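The values are calculated or read from the model by the stated rules, or taken from the named source; none is laboratory data. All of these numbers come straight from a predicted model, not from anything done at the bench. Cβ atoms come from the backbone with ideal geometry, glycine included; neighbour counts cover every protein chain shown.
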Amino acid sequence: MAETRCADALTLEAPTVEDGPELWRLTREVGTLDLNSAYHYLLWCRDFAATSVVARLDGRMCGFVTGYVRPDVPDTLMVWQVAVADHARGRGIAARMLGELLERRAPHGQVFVEATVTPDNTASMALFNAFGRDRAMPVSRCDLFTADHFPGGGHEPEVLFRIGPLASLAG
């Protein structure tokens, strides 16, 4: 699997099963994402490694993007979660991970990226808006799930961001 190194000792690569516990830990520490079971992250690292990326600073995991290709929409990469550790924020790591992932996926036909974001997650909204803007790609938004869709209450609505087409990567 391809690995990218940058001047600041940032390494971007596909996750392995051994990374599963670290994804779970980082999700818990970040605190703004829905925390899935540890088993979920182990399976994700096994089954969706090709559509996910982990970032390491000096060998220590500092972030990840998990995604999958929508079975009924094969030109779309759905980004499930984006996480960056507190100590690594402000370095553009989330955008670099997303860019790396999309460059890897372009030869497989994914020219759109989708992600859902809760209205209070201003960091993710800024990430997806800037990612599209910086690459001159359209960014559209629409309501996907209302709070009523979630059982038990307490979950905010989810806004669907759709970026693309990724013409600059697909060519």
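State whether one or more residues within segment 17-34 are among the β-branched types (V, I, T), out of contact with any Leu (no Cβ under 8 Å at 6 or more places or on another chain) and farther than 27 Å from H155 by Cα.
no
Out of the residues in segment 31-72 meeting the condition of being among the aliphatic types (A, V, I, L, M) and out of contact with any strand residue (DSSP E or B) (no Cβ under 8 Å at 6 or more places or on another chain), tell me which one is modelled with the lowest pLDDT.
Filtering first and then ranking leaves L35.
Of all residues in segment 19-68, count the ones that are more than 21 Å from T118 (Cα to Cα) and among the β-branched types (V, I, T).
3
When segment 124-171 is examined, which residues are found to be in a helix (DSSP H, G or I) and among the small types (G, A, S)?
Listed by number, the residues that qualify are S124, A126, A130, G132, A147, A167, S168, A170.
So E156 fits all but one of (1) surrounded by 14 or more Cβ atoms within 10 Å (Cβ to Cβ); (2) under 23 Å from V69 (Cβ atoms); what number is the exception?
(2)
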